[in-house]
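Visitor: Can you keep this structure in mind? I'll have questions shortly.
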Amino acid sequence: MRRMSIHRAYAKVRGIRRHLRNLEKWAEGADNWNPQPYEHLPYWHCKIPVLDRLVEPPTTNPRIQRQVINSLLLAATKLAEHGKTAEWPYCRSAVLLTLPYLFQSEVTLFFDESYYRSFYHQQNLLPDSEKPSKRFGFELPPGFVELGTQVEWDTETEDGEIIKCGEQWWTLGQTI
């Protein structure tokens, strides 16, 4: 279940092994999901079902994040297999990662090739050294690639000061 820690944002996460075990079971059960295209939308997605403090700084670590990403990739792989047997004209599976705020990540099935291509970033591409597979030490499933871009925006503080914010958006998905 997706949960946000509004009142205890920096509290220690308890039961980490249990949370990760439940996430693994969620991913293993992905072949029993029944994804259907949303009406008028070229995709189906499922957000990561975890407590936000489990995957986001400052209450996480790279080992936990690696296990979470592996679970997302397992779910994407199972959905890719499901897509091969489904009656959709086009179907590609991907994990859409946001770093360092992993809680926004999701597993997505794309039913439109041009829409899926829009997630293959062409500008502000990040170097290979920044790739999540190198950063967290995991291997991509066969037939998957990873492309990422840096997204930046300005935001205003309570004092009226403008500051720059940014995150990395990664597509870990099947080749087009």
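Where a number appears in this text, it was derived from the coordinates with a stated rule and is not lab data. Everything numeric in this text was worked out from a predicted model, so none of it was measured. Here the Cβ positions follow ideal geometry from the backbone for every residue, glycine too, while neighbour counts run over all protein chains shown.
Visitor: What aspartates and glutamates sit close enough to residue 164 to cross-link, taking a C-alpha to C-alpha distance under 16 Å and skipping anything fewer than 8 places away on the same chain?
Guide: Candidates past the 8-residue exclusion: 152, 154, 156.
Visitor: Among the lysines, select those whose C-alpha is under 28 Å from the C-alpha of residue 78, and discard any that sit fewer than 8 residues away in the same chain.
Guide: Output for residue 78: 25, 47, 131, 134.
Visitor: Next question. Hey, what did segment 16-174 get for relative contact order, percent, Cα under 8 Å, at least 6 apart?
Guide: So the answer I get is 23 percent.
Visitor: Okay, moving on. Under a point spin-label approximation (7 Å from Cα along Cα-to-Cβ), what is the residue 151-residue 104 distance to one decimal in nm?
Guide: Between residue 151 and residue 104, the label points sit 0.5 nm apart.
Visitor: Then there is this: For segment 87-161, take the alpha-carbon Rg, divide it by the Kirkwood Rh, and send me Rg/Rh.
Guide: 1.05
Visitor: Simple spin-label model, 7 Å along Cα-to-Cβ: residue 28 to residue 11 in nm?
Guide: Label at residue 28, label at residue 11, 2.9 nm between them.
Visitor: Let me ask you something else. Where nothing but the Cβ of Lys and Arg (+1) and of Asp and Glu (-1) is charged, how large is the charge dipole of segment 16-174 around its Cα centre, in debye to the nearest 20?
Guide: 880
Visitor: Distance from the Cα centre of segment 1-54 to that of segment 104-124, in angstrom?
Guide: Distance between centres, Cα-based: 20 Å.
Visitor: In a Debye calculation with equal point scatterers on the alpha-carbon sites of segment 16-174 and no solvent, what is log10 I(q)/I(0) at q = 0.19 Å⁻¹?
Guide: For segment 16-174 at q = 0.19 Å⁻¹, log10 I(q)/I(0) is -1.24.
Visitor: Fewest to most neighbouring Cβ within 10 Å: what's the order for 59, 85?
Guide: 85, 59
Visitor: Check residue 51: other-chain or 5+ apart residues with amide H under 5 Å from its amide H, H built from backbone geometry?
Guide: Here the answer is 3, since their amide H atoms fall under 5 Å of that of residue 51.
Visitor: Of 70, 173, 120, which is farthest along the charge dipole of the chain in the positive direction, counting Lys and Arg as +1 and Asp and Glu as -1 at C-beta?
Guide: It is 70.
Visitor: Calculate how steeply helix 62-85 sits against the longest principal axis of the alpha-carbon atoms of the chain, using the helix alpha-carbon long axis, and give the answer as 0 to 90 degrees to the nearest 10.
Guide: 20
Visitor: Where does each of 133, 93 land when they are ranked from fewest to most other beta-carbon atoms within 10 angstrom?
Guide: 133, 93
Visitor: Right, next: Treating only the Cα positions of segment 53-105 as identical point scatterers, give the base-10 log of I(q)/I(0) from the Debye formula at each q in 0.13, 0.15, 0.16, 0.20 Å⁻¹.
Guide: So the normalised log intensities are -0.39, -0.49, -0.53, -0.70.
Visitor: Using R₀ = 30 Å, calculate the FRET efficiency as 1/(1 + (r/R₀)^6) where r is the Cβ-Cβ separation of residue 39 and residue 87; round to 0.05. Kindly include the intermediate steps, with their values, before the conclusion.
Guide: Numbers: r = 17 Å, r/R0 = 0.57.
So the FRET efficiency works out to roughly 0.95.
Visitor: Can you tell which of 143, 35, 160 lies farthest toward the positive end of the dipole of segment 16-174, using +1 and -1 charges on the Cβ of basic and acidic side chains (Lys, Arg; Asp, Glu)?
Guide: 143
Visitor: Okay, moving on. Starting from the Cα of residue 138, step 7 Å along the direction of its Cβ; do the same at residue 167; then give the gap between the two resulting points in nm.
Guide: Distance between the two pseudo-spin positions: 1.7 nm.
Visitor: A further question follows. Quick one: helix 16-28 against the long Cα principal axis of the chain, what's the angle to the nearest 10°, folded into 0 to 90?
Guide: With both axes taken from Cα atoms, the answer is about 20 degrees.
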